[in-house]
1. Name the residues of the range 128-148 whose amide N is less than 16 Å from a point 7 angstrom out from the Cα of Arg214 along the C-beta direction?
2. To make sure I understand the rule: partners must be aspartates and glutamates, Cα under 17 Å from the Cα of Lys356, and not fewer than 8 residues away in the same chain. Which ones qualify?
3. Between Glu366 and Glu138, take the C-beta separation as r, use R0 = 51 Å, and let me know the FRET efficiency to the nearest 0.05.
4. If each of Val272 and Lys313 carries a label point 7 Å out from its Cα toward its Cβ, how far apart are those two points in nm?
5. Working from Cα positions, state the angle (0 to 90°, nearest 10) between the long axis of helix 374-386 and the longest principal axis of the chain.
6. Compute the length gained on full extension between Ala285 and Arg95: take 0.36 nm times their separation in residues and subtract their Cα-Cα distance, giving the result in nm to one decimal.
7. With the chain treated as a Gaussian network of Cα nodes joined by springs under 10 Å, which of Gly156, Gly223, Gly117 yields the largest mean-square fluctuation?
8. In the chain, what percentage of the DSSP-assigned beta bridges are antiparallel, given to the nearest 5?
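Read-outs throughout are calculated quantities, based only on the coordinates presented, and are distinct from any laboratory measurement. Predicted model only: the values in this text are computed from it and were never measured. Note: ideal-geometry Cβ built from the backbone for every residue, glycine included; neighbour counts use all protein chains shown.
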Amino acid sequence: MNDDLNPQLRQVAVALEDARRELIDVSRGNRLLHTPRSGRRTHCLEFFDINPDAVFVQLSREGKVFLFRSEEESADREVGIHSKPLAALRSRVSREVLDRRVVKFFREARIIEEEQGINILFLAFGFLKWFEDPRSEEPCWAPLILLPVLIERRQGRDPFILRARDDDLVVNVSLREKLRSISNAELPDLPETEDWLPSEYFNSVAAAVSGEARWEVDRNGLGLGFFTFSKFLMWRDLAASAWPEGGRLLAHPLVTALLGHGQGFDPAPPIVNDDEPIDRKIDTAIAVHVLDADSSQALTIEEARQGRNLVIKGPPGTGKSQTIANIIASAVYVGKSVLFVAEKTAALEVVHGRMKDAGLEALCLELHSRRATKAAVISSLDRALSVGGAVAFDPGASAGRPRFGAAVRGRRRPRDVR
């Protein structure tokens with residue numbers, strides 16, 4: 001910790017480090033540090049009799065799909081869908097067990113993505129066998145290259161297939177941090193060239209850990225499993241040293257209010273007293289409501305427009321998503337950028353739907369789940385850049401047309417939006 005910090009910033013730094021420690025799991029319970037590969041409770045569905053380099057190229061670069069084959073099925077049996085032969089990944093379990101596990105992966109991955117907007121299903125290429133201590137007898141197995149994948153099928157009776165997602169490859173960043181804390185080994189970055197192979201990366205890892213006794217790389221390891229990076233990424237982003245301008249994160253007013261002397265946010269006087277008409281306090285000439293708003297919602301939008309920190313509470317159906325859409329539109333109208341986050345994808349989709357109904361979809365860039373692929377982001381940016389020119393406000397506009405300008409009470413005269 002930086003000894004040059006003043007007492008207040010030091011207190012914030014200590015509180016922030018305490019919060020970060022709760023986010024990172026460096027125990028064997030973290031599947032990124034130890035993936036059980038034997039016994040009754042294996043975490044991965046492993047495959048054998050394969051060439052990892054060939055599978056990697058076919059999945060990630062050629063866009064091919066793979067079927068799942070059980071242990072008892074012949075390795076040279078032709079399999080396919082609708083008479084189209086496909087390559088297969090052969091597991092070490094029976095057909096009954098294989099079907100059960102694939103269905104479990106399919107359902108759980110879909111639920112997690114629908115609820116949280118993230119993919120946690122990866123095909124792991126290669127494993128590092130490492131030990132927490134020179135005296136440890138039981139090894140840990142950590143995946144090295146993680147390829148984002150999805151399981152799907154075209155029709156109900158078709159077999160499941162495995163395909164790569166249009167997402168970036170992931171290196172095991174949790175393992176990198178763990179190795180830094182217990183050894184001199186530095187896990188290498190993935191190559192930046194377009195034609196590299198997993199075997200080449202495994203050679204680099206083997207060289208990096210060559211000084212550690214009993215550590216070795218399983219170059220033929222290939223397993224399908226769930227791995228999540230969300231907490232680690234939060235832990236990394238909350239490191240004050242990773243932010244520019246030194247103590248910028250520690251000195252941020254929101255951070256100091258949350259983690260400082262415990263005073264929290266100073267309460268501000270209400271914009272409008274309970275016995276006052278809101279029209280006398282809110283300038284309808286600058287109130288930008290793309291959706292209808294009642295008096296309480298109008299006050300909330302105005303507080304956000306003035307830069308106040310607030311919490312909005314209310315049961316379902318009271319217009320929270322509608323109010324959030326108005327807040328976003330008000331901020332964008334004056335040239336601000338808005339990052340809207342939510343714990344579950346459904347909340348994001350509701351607000352996005354409100355913006356779309358108001359004709360403002362071109363202002364929205366979706367950064368979650370499958371909508372955050374490179375192709376989807378580029379397409380979204382292209383649509384936004386192709387929208388230009390002034391659009392006149394039309395009180396009778398239908399969904400799909402911009403509707404900037406609904407006043408607190410009734411409609412106001414048309415105006416141009418630039």
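1. 128-142
2. Asp292, Glu366, Asp382, Asp394
3. On the way: r = 44 Å, r/R0 = 0.86.
It comes to 0.70.
4. The modelled label-to-label distance comes out at 2.2 nm.
5. 30 degrees
6. Values: separation 190, 0.36 × 190 = 68.40 nm, distance 6.82 nm.
Once the chain is fully extended between Ala285 and Arg95, it gains 61.6 nm.
7. Gly156
8. 90 percent
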